[in-house]
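Take a look at the structure set out below.
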Amino acid sequence: MSGLLDGCRNRSPTPLWLVVCCGIATLMGFLLLGSIPTKADAKNAGADSLSAAAVAFELRYAPLPPPAAPPRPSRDRWLARDKARHVVFSGLWTLSTQYVLVNKADWSEGDALPASIASAASVGLAKELYDASRPAEAASGKDLVADAVGIGLAVGIIVL
């Protein structure tokens, strides 16, 4: 910190790395928070604003919106290709994690089994949380049940 203050007192030129870091931080801020403002944005800032009277008029005399369509029935079936993929993926994840921990990392089978189960369950839960964050998709409890079935089948194979 004192090096920066010394540079200000001596009027030395700003280090290049500081300029680059500030520029990158500014660009990242604009990317995360919104677009970079332009002169056209400043000119059009008041173009869409309405006075209180205009807002009241719109609220009073605007036509009613059309009735909302009834919700579509869920296409999430218990017996579907997606559920089979969840069973297979979670089972293979559990088996492969168990193999790696026991044969490559020299863990005991008793120590590796809970880690294998937890990692497969975490991946399945993370996938459902990702689906819930996307507007076109929804999280599915049935997918989590399919993940649990796959993990259970893998544990049965491991214990044999």
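Please treat every number below as a calculation from the coordinates, not as lab data. Since the structure is predicted, the reported quantities are computational estimates derived from the model, not experimental observations. Note that each Cβ is placed from the backbone with ideal geometry, even for glycine, and that neighbours are counted across all protein chains shown.
Key figures
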read-out: For the range 80-129, radius of gyration divided by Kirkwood radius, i.e. Rg to Rh on alpha-carbons; value: 1.05
read-out: From phi via Karplus (6.51, -1.76, 1.60), per-residue ³J(HN,Hα) for the range 82-88 in Hz, x at Gly/Pro; value: 4, 5, 5, 5, 4, 4, 5
read-out: Amide proton proximity set for residue 139, modelled H, under 5 Å, gap of 5+; value: 132
read-out: Gain in span if fully extended, residue 69 to residue 131, counting 0.36 nm per residue against the direct Cα distance; value: 20.0 nm
read-out: Fully extended contour minus Cα-Cα distance, from residue 61 to residue 109, at 0.36 nm per residue; value: 10.1 nm
read-out: Label zone at residue 81 (point 7 Å along Cα-to-Cβ), backbone N below 12 Å, the range 107-145; value: none
